[in-house]
1. Based on this model, can you work out whether Asp68 counts as in contact with a strand residue (DSSP E or B) (Cβ under 9 Å, 6 or more places away or on another chain), modelled with pLDDT of 85 or more and closer than 17 Å to Pro140 by Cβ?
2. Got a sec? Which of Pro93, Pro101 is under 26 Å from Glu23 (Cβ atoms) and surrounded by fewer than 18 Cβ atoms within 10 Å (Cβ to Cβ)?
3. Identify, please: which residue in segment 65-86 is out of contact with any Gly (no Cβ under 7 Å at 6 or more places or on another chain) and not in a helix (DSSP H, G or I) and is, among those, most open to solvent (accessible area, probe 1.4 Å)?
4. Look at segment 2-21 and say how many of its residues are open to solvent by less than 50 Å² (accessible area, probe 1.4 Å), within 23 Å of Gly75 (Cβ to Cβ) and assigned to a loop (DSSP other than H, G, I, E, B).
5. Quickly run through segment 118-132 and pick out the residues that are open to solvent by less than 60 Å² (accessible area, probe 1.4 Å) and either touching an Asp or Glu at 6+ places or on another chain (Cβ under 9 Å) or in a loop (DSSP other than H, G, I, E, B) (or both).
6. Tell me which of these Asn122 doesn't satisfy, since it passes every other one: (1) in contact (Cβ under 8 Å) with a residue 40 or more places away in the chain; (2) under 20 Å from Leu36 (Cβ atoms); (3) within 13 Å of the chain's Cα centre (by Cα).
7. Taking segment 5-41, which residues are more than 20 Å from Thr87 (Cβ to Cβ) and without any contact (Cβ under 8 Å) to a residue 40 or more places away in the chain?
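The values are calculated or read from the model by the stated rules, or taken from the named source; none is laboratory data. Remember, predicted model here, so these are calculated numbers, not experimental data. Neighbour counts run over all protein chains shown; Cβ positions are idealised from the backbone, glycine included. All accessible areas refer to the heavy atoms of the entire protein, side chains included, with ligands and DNA or RNA removed. Shrake-Rupley method; radii C 1.70, N 1.55, O 1.52, S 1.80 Å.
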Amino acid sequence: LGLSPSARLVYFYVGRYGVEDLEWENLKSLPEDVVLIGFHPPGVPMPGRFFTVSPDSFSGADLLRSVDLAIVKAGYGAVVEAMSVGTPVIYPPRPGFAEFPALDQALKSWEGGYPVSEDCFNRLDFKEIMLKAIANRATPPMISADGARHVAQILQAGDTSA
């Protein structure tokens, strides 16, 4: 992308629907060395520096491994991929998303999770917390990565109560 080695890369994905009313102009207040990167254009003209990369060239894990911070709506893919490589995550609440309480709990129990209020997220006003998160790269949590094997064992045993 022709960026300076001192550029701070931020994976930025706030969804593709219902984002028209976010206060996009507030992104102008980000430091000049902060560069936003995402797979999807936000659907509105972006102030500041934003690059869209092709999902055919990079996976979510590749991108989250290569950035200093993720600003996302918490979903399984982004949360697991960010946590597994120690990339801090700024995220808003997700009312009505059934899986959010579990993701929120995991992020809050990890040093790299930075919840923000819905109002703060809608205003795209997270400069201070963003700078704090970038400065505090997190340690990946020590968790087992063989969940599929455990699920297969449960299903094979016919124990659906787990």
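1. Yes.
2. Pro93
3. Filtering first and then ranking leaves Asp68.
4. Counting residues in segment 2-21 that are open to solvent by less than 50 Å² (accessible area, probe 1.4 Å), within 23 Å of Gly75 (Cβ to Cβ) and assigned to a loop (DSSP other than H, G, I, E, B) gives 3.
5. Our first condition is that a residue be open to solvent by less than 60 Å² (accessible area, probe 1.4 Å); within segment 118-132, this holds for 120-121, 124, 126, 129-131.
Once the filter is applied, which keeps residues that are open to solvent by less than 60 Å² (accessible area, probe 1.4 Å) and either touching an Asp or Glu at 6+ places or on another chain (Cβ under 9 Å) or in a loop (DSSP other than H, G, I, E, B) (or both), segment 118-132 yields Leu124, Phe126.
6. Against the list (1) in contact (Cβ under 8 Å) with a residue 40 or more places away in the chain; (2) under 20 Å from Leu36 (Cβ atoms); (3) within 13 Å of the chain's Cα centre (by Cα), Asn122 comes up short only on (3).
7. Of everything in segment 5-41, those that are more than 20 Å from Thr87 (Cβ to Cβ) and without any contact (Cβ under 8 Å) to a residue 40 or more places away in the chain turn out to be Arg16, Tyr17, Gly18, Val19, Glu20, Glu25, Lys28, Glu32, Pro41.
Rundown of residues vs (1) out of contact with any Pro (no Cβ under 6 Å at 6 or more places or on another chain); (2) at pLDDT 90 or above; (3) within 21 Å of Leu27 (Cα to Cα), yes/no style:
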residue	(1), (2), (3)
Val80	yes, no, no
Gly96	yes, no, no
Pro101	yes, yes, no
Glu111	yes, yes, no
Lys132	yes, yes, yes
Thr139	yes, no, no
Ser161	yes, no, no
